[in-house]
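Notes for the one structure printed next.
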Amino acid sequence: MSVDTATVAKIASLARIKVSEAELEGMVPELNGILAWVEQLGEVDVTGVEPMTAVIPNQLRLRADVIDADPLTGGGRRDAVLANAPAPEHGFFGVPKVIE
Amino acid sequence: MTESTYRIQGATGDWEVVIGLEVHAQVTSNSKLFSGAATAFGAEPNAQVSLIDAAMPGMLPVPNAECIRQAVRTGMAIDAQINKWSRFDRKNYFYADLPQGYQISQLYHPIVGEGSLTIEADEKAGILEEKTFGVERIHVEQDAGKLMHDQHPTMSYVDLNRSGVALMEIVSRPDMRSPAEAGAYLRKLRSILRYVGSCDGNMEEGSMRADVNVSVRKVGDELGTRTETKNVNSVRFVMQAIEHEAYRQVDVLESGGKIVQETRLFDPTTGTTRSMRSKEDAHDYRYFPDPDLLPLILEDAFLEDCRASLPELPDAKRKRYIGDLGLSAYNAAVLTAEAETARWFEVLLAKAAAAQGKSESDVAKQTANWLISDLFGALNKVGQSLEDSPVTQEKGADLLALVGKGTISGSIAKQVLELMLETGDTATAIVEREGLKQESDTGAIEAKVDEILAANADKVEQYRAGKVALFGFFVGQTMKAMAGKGNPQVVNEILKTKLG
Amino acid sequence: MTDLTDLGVAAIRDGVATGAFSAVEVAEAFNANVAAAQDALNAFIVATPEKAIEAAQATDAKRAAGEDLGKMGGVPIGMKDLFATFGVQTTAASHILEGFVPQYESSVSQKLWDAGAGMLGKLNLDQFAMGSSNETSYFGNVISPWKRPGSNAQLAPGGSSGGSSAAIAARLCPAATGTDTGGSIRQPAAFTGISGIKPTYGRCSRWGVVAFASSLDQPGAMARDVTDCAIMLESMAGFDPKDATSLDLAVPEWTAALSADLKGKTVGIPREYRVDGMPAEIDAVWEQGIAWLKDAGATVLEVSLPHTKYALPTYYIIAPAEASSNLARYDGVRYGLRDLPEGAGLQDMYAATRAAGFGPEVKRRIMIGTYVLSAGFYDAYYTQAQKVRTLIARDFEQAFEQVDVLLTPTAPSAAFALGENVDDPLAMYLNDVFTVPASLAGLPAMSVPAGLDAQGLPLGLQIIGRPLDEQGVLNAALAIESRAQFTAKPERWW
Ligand SMILES: [Mg+2]
Ligand SMILES: [Zn+2]
């Protein structure tokens, strides 16, 4: 499968990366080169093979339902959460107005 | 199963509506699905946000066992398949209420598979008999944050308190055929969730909301194209949204148009739906298994625990009330619809039986009738609910015992109940104080009856000549003369004997 | 007195413990080296001399009070700028995180501070750990301290932990953290003549480490020798309830069990790693390695890992796919760069911010990852890659039925000059051909210096072990180290 300019533009839009026309033109052959290369995987016979789900045999551990048991994973720390915000507003994160 | 008779009469013929619901139910838990931040409603903005919920660099999710347990219990309550192997996937999209840029959800391997839910017949609503609807799946996922648009002229504000709260998405099959069926499904689902305790079902606070999928077709045709109306937050609104959407689609189709598969919004002030432009660009969510989370494997012991912790569910309870307690189908349905009501009733029933030295089944009818027609009515009048009723089960049982033992009549009991609500006193105290004890003494009643018959000799004659309807008149006169305190049974008997 | 900056982790720790020198003296010496090399090598994005001194003072005070100094007591280290450090800018070498000051400390760095280590600064790296030459950092290339004789060409320190490898090789720090997604510890270690170990996936917590590809990312230790790596890894590893993929296992005392005696051990030589066009010198150093391991008492056996050639393309589907999602959080809303063009709406802000904030290689990988996950392509690319990954892991499993460890070259060449591969992403990706398979299978793997090529540049050998057998890896590496007697170090030209 190879991608054209329109497809690359669509991917860029899905990925929310603004690209200029010139960048777009440059990306097309680059992505096609990489895609052509990874497509060799298609030749591997994977009949009856399950996709990998865990690299090391291990299963999901669940945690107890306790509020703020660890300050690193708990709430109640608005200052820390907002410390790096580009536009903090009265305890909120400010973003350009969204019209729904 | 009979087909629904709900039809939309169009210019070109009758249309059938096909409805499926995706209900998002907030899982009752102290902390969020993947972080330790609290879930309580109404906190200051961003006060209940962890570094994980804010998607700080390097933060990782660790699932909350309670949320998993509640989802499993919910699945069990609708007889669904529980998947011992499930896993979390990422749904990728960009929005300001979604800090990670993806929602952790379950697409490929949900924790709960196929189940079903049954609603009762409701002739008034056009549901002629009991119906069973398929539930395709229940999966566990994160809620998003909240955007506020009216606080600033050029900015929206983001509050992440809800971000990461656990939701169950309960996806029905497109089995419903009328707004009433959808409403009944939602009410029944909410009832089950409350019984199970996995969601408080509080739609006003957003802990339960529905995405409504609607399509229309000519009876017998293939499924039509559906629209999805997002986040409708009351049973009534869901029914309105379906109705509006169905009529809109019929209009579009009959005027030669096509239905576009799209996301729509419901406007509660107008009862209409409209296209949601901001989410209209064709979404490609790029779902893939969340590499931060391993497969979720449920052990048998865990499942047994979940099963053992399930309460008696509304359907079983209703059947038991009818079969074992001898309640009418109507009363049984009313008492079991809400877990709270059934719980209240069962305590009352135990106390009422004890107070009268009888078995529960002996006093069940009397107790149920009193609760439904007397107490509910009285509470309604004063705008109170069972939860804050000044008449406790203890006090109710006392009142019922006074009736049961013949100390007061049913009509006096209504007066006593009103006084109980006003004063908070016990029935026994009120009856004593107000002298409301019922007169069962045959001699005293005979004397009154004699007086009445003597004073109404003409009517006695008419009665004896065959105008038997006058019997009620004599009962009424006697009771009036006794200020309502005559034992109606004794009054009846004496009147019958005397009138011959 | 010996130059303190020539000492490794064990020597510094022991010297501080015995009072041969103070921790503050050590910190000062390394601080001076960091400052002196910054303009030439650009190994650090931020130097934190005060943090190093502070930790050293604490160690010295503990010693005075007769308290335990910890496994890394008095040892100043470099911290790859992928680890979140409380109150110290953490950027992943990206413009999009410039100025981001975490209000939290990564689990691994916290463990190191708890073990008595101090921080010299945040080390430069390839942007979001995407690269093999350290040419993708927003904060400029890291320059290897090594030079080809008679040439002034700037060489690559390897990547993505290129700041770490350059700093250790140049004696700016005795040890540093690295992270390894497809070879990002091992390849730079090989390029700069140092040692580096990536433990079994799940040994070291990923909590607080800026994510690249979650199913592959694994923190590890980089230092001048095997013993130092073992000491550091012991301090970094361990169960973390905050990371759902963390292994709930006790940390073995690897250092105590170190042994270069390989009697009774079998070493596998994977046939498929003899790739076409491999430089003769690489082949020679590999042969030399085999001889050393035999000399250490091991039996050597050729094994087959039939899906090896598919490892790189598998990696270049899975890693970008995960990255495209992991990097979605950099959107200008809650932290980091925000580019808000005049009149822009929310979605325009995202696109502008991410266009301005991510470098070309990061964008390239996000684009690839977005594409392979998109509707209609997911199964052909991503699912297929995860199936091939299963086969790659199975190859290792079968090999480990016959052998205890595998020996391979670490990289297909010695360090190349900066700029040499930068225009051809595929050529750059080939650098990781020997390191990626172990990453895909989550296996512990290590690079040790084995010698110099004809140009005098270091070459490394890689040991790959069974899951959880870091000990086997360290011991085999030690057997090589003790025979290679690698003492070369870059001439100080900066
Ligand atoms: Mg939905
Ligand atoms: Zn959902």
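The values are calculated or read from the model by the stated rules, or taken from the named source; none is laboratory data. Here the structure is a predicted model, which is why all the values come from computation and not from measurement. Quick reminder, even Gly has a Cβ in these numbers, built from the backbone with ideal geometry, and neighbours come from all protein chains shown. Heavy atoms of the whole protein, side chains included, go into the accessibility calculation; ligands, DNA and RNA do not. Shrake-Rupley method; radii C 1.70, N 1.55, O 1.52, S 1.80 Å.
Looking only at residues of the range C:418-435 that are under 30 Å from C:C204 (Cα atoms) and among the β-branched types (V, I, T), we find that the one that is surrounded by the most Cβ atoms within 10 Å (Cβ to Cβ) is C:T435.
Restricting the range B:1-42 to residues that are surrounded by fewer than 24 Cβ atoms within 10 Å (Cβ to Cβ) and aliphatic (A, V, I, L, M), which is farthest from ligand 2 (Cβ to nearest atom)? The qualifying residue farthest from ligand 2 (Cβ to nearest atom) is B:A11.
Scanning the range B:87-96 for residues being farther than 18 Å from C:S214 by Cα and open to solvent by less than 20 Å² (accessible area, probe 1.4 Å) gives a total of 3. Cβ-Cβ distances below 7 Å connect the following pairs, each with a first residue in the range B:135-154 that is basic (K, R) and in a strand (DSSP E or B), a second residue that is more than 10 Å from ligand 2 (Cβ to nearest atom) and open to solvent by less than 40 Å² (accessible area, probe 1.4 Å), and a separation of six or more residues or different chains: B:R137/B:P110; B:R137/B:V112; B:R137/B:G113; B:K146/B:D97; B:K146/B:D159. Residue-level check: of (1) over 21 Å from B:D315 (Cβ atoms); (2) open to solvent by 10 Å² or more (accessible area, probe 1.4 Å), B:K124 misses just (1). Among the residues of the range B:152-162, those identified as of a type outside the set (K, R) and open to solvent by 10 Å² or more (accessible area, probe 1.4 Å) are B:H152, B:P153, B:T154, B:M155, B:D159, B:N161. If the condition is being within 14 Å of another protein chain (Cβ to nearest Cβ), more than 16 Å from ligand 2 (Cβ to nearest atom) and over 19 Å from A:V81 (Cα atoms), then the range B:131-184 contributes B:H149, B:D150, B:Q151, B:H152, B:P153, B:T154, B:M155. Set side by side, the residues B:F88, B:F94 differ, and just one is free of Cβ contacts under 8 Å to residues at least 12 places away in the same chain and either within 16 Å of ligand 1 (Cβ to nearest atom) or not assigned by TED's automatic domain parsing to the domain that holds B:K317 (or both), which is B:F94.
Set side by side, the residues C:Q384, C:Q402 differ, and just one is more than 23 Å from C:S160 (Cα to Cα) and surrounded by fewer than 17 Cβ atoms within 10 Å (Cβ to Cβ), which is C:Q402.
From the list C:L340, C:L391, pick out the single residue that is surrounded by 17 or more Cβ atoms within 10 Å (Cβ to Cβ), touching a strand residue (DSSP E or B) at 6+ places or on another chain (Cβ under 8 Å) and within 7 Å of chain A (Cβ to nearest Cβ). Spell out the reasoning first.
Details: C:L391 fails: touching a strand residue (DSSP E or B) at 6+ places or on another chain (Cβ under 8 Å).
So the residue among C:L340, C:L391 that is surrounded by 17 or more Cβ atoms within 10 Å (Cβ to Cβ), touching a strand residue (DSSP E or B) at 6+ places or on another chain (Cβ under 8 Å) and within 7 Å of chain A (Cβ to nearest Cβ) is C:L340.
With respect to C:W254, determine if the residue is over 11 Å from the mean Cα position of the chain (by Cα), more than 14 Å from chain B (Cβ to nearest Cβ), over 20 Å from C:P409 (Cα atoms) and of a type in the set (F, W, Y). Yes; evaluated as a whole, the condition is true for this residue.
If the requirement is being within 13 Å of chain A (Cβ to nearest Cβ) and buried (at least 23 other Cβ atoms within 10 Å of the Cβ), which of these qualifies: C:A356, C:A415, C:A438? Break it down into steps so the answer makes sense when it comes.
On the way: C:A356 fails: buried (at least 23 other Cβ atoms within 10 Å of the Cβ); C:A415 fails: within 13 Å of chain A (Cβ to nearest Cβ).
Every option except C:A438 fails the conditions.
Among the candidates A:E50, A:E21, the residue that is open to solvent by 70 Å² or more (accessible area, probe 1.4 Å), within 7 Å of chain C (Cβ to nearest Cβ) and not small (G, A, S) is uniquely A:E50. B:G224 meets the conditions (1) within 16 Å of ligand 1 (Cβ to nearest atom); (2) touching a strand residue (DSSP E or B) at 6+ places or on another chain (Cβ under 7 Å) in every case but one. The failed one is (1). Please indicate, with yes or no, whether at least one residue in the range B:202-215 is assigned to a loop (DSSP other than H, G, I, E, B), open to solvent by less than 40 Å² (accessible area, probe 1.4 Å) and within 16 Å of ligand 1 (Cβ to nearest atom). Yes, some residue in the range B:202-215 is assigned to a loop (DSSP other than H, G, I, E, B), open to solvent by less than 40 Å² (accessible area, probe 1.4 Å) and within 16 Å of ligand 1 (Cβ to nearest atom). No other residue among B:R248, B:R209, B:R236 is within 16 Å of ligand 2 (Cβ to nearest atom) and basic (K, R) apart from B:R209.
Looking across the range C:72-113, the residues that are surrounded by fewer than 21 Cβ atoms within 10 Å (Cβ to Cβ) and either more than 14 Å from chain A (Cβ to nearest Cβ) or of a type in the set (A, V, I, L, M, F, W, C) (or both) come down to C:F86, C:V88, C:V101.
Filtered by the rule that a residue be more than 28 Å from the chain's Cα centre (by Cα), closer than 13 Å to B:G10 by Cβ and surrounded by fewer than 18 Cβ atoms within 10 Å (Cβ to Cβ), the range B:225-256 gives B:D251, B:V252, B:E254, B:S255, B:G256. Restricting the search to helices (runs of 4 or more DSSP H) fully inside chain A and requiring at least 2 residues that are in contact (Cβ under 8 Å) with a residue 12 or more places away in the chain gives A:5-14, A:21-38.
Filter the range B:99-111 down to the residues that are open to solvent by less than 10 Å² (accessible area, probe 1.4 Å) and either away from ligand 1 (no atom under 16 Å from the Cβ) or not in a strand (DSSP E or B) (or both), then identify the one that is nearest to the other protein chains (Cβ to nearest Cβ). Per the criteria, the residue is B:G101. Summed over the range C:454-493, the residues that are open to solvent by 20 Å² or more (accessible area, probe 1.4 Å), part of a loop (DSSP other than H, G, I, E, B) and more than 14 Å from every other protein chain (Cβ to nearest Cβ) give a count of 11.
If only one of C:A284, C:A213 is farther than 30 Å from B:L51 by Cβ and either more than 14 Å from every other protein chain (Cβ to nearest Cβ) or among the small types (G, A, S) (or both), which one is it?
C:A284
Yes or no: B:R90 within 14 Å of chain C (Cβ to nearest Cβ) and not in a loop (DSSP other than H, G, I, E, B)? Spell out how you get there, then give the answer.
Working: within 14 Å of chain C (Cβ to nearest Cβ): yes; not in a loop (DSSP other than H, G, I, E, B): yes.
Yes: the conditions hold for B:R90.
With respect to being among the hydroxyl-bearing types (S, T, Y), within 15 Å of ligand 1 (Cβ to nearest atom) and either touching a helix residue (DSSP H, G or I) at 6+ places or on another chain (Cβ under 7 Å) or closer than 28 Å to B:A80 by Cα (or both), B:S172 fits the description. What number of residues within the range C:302-349 are farther than 22 Å from C:G183 by Cβ and in a loop (DSSP other than H, G, I, E, B)? Residues meeting the conditions: 16.
For the range B:1-55, which positions are part of a loop (DSSP other than H, G, I, E, B) and closer than 30 Å to B:R217 by Cα? Spell out how you get there, then give the answer.
First pass over the range B:1-55, keeping only residues part of a loop (DSSP other than H, G, I, E, B): B:1-7, B:11-12, B:27-30, B:32-37, B:39-55.
Of everything in the range B:1-55, those that are part of a loop (DSSP other than H, G, I, E, B) and closer than 30 Å to B:R217 by Cα turn out to be B:M1, B:T2, B:E3, B:S4, B:T5, B:Y6, B:R7, B:A11, B:T12.
Just for the range A:53-62: of the residues that are of a type outside the set (A, V, I, L, M, F, W, C) and more than 7 Å from chain C (Cβ to nearest Cβ), which one is nearest to the chain's Cα centre (by Cα)? Filtering the range A:53-62 for residues that are of a type outside the set (A, V, I, L, M, F, W, C) and more than 7 Å from chain C (Cβ to nearest Cβ), the one nearest to the chain's Cα centre (by Cα) comes out as A:T53.
Applying the set (1) in contact with a strand residue (DSSP E or B) (Cβ under 7 Å, 6 or more places away or on another chain); (2) outside any loop (DSSP other than H, G, I, E, B) to C:D60 leaves exactly one unmet item: (1).
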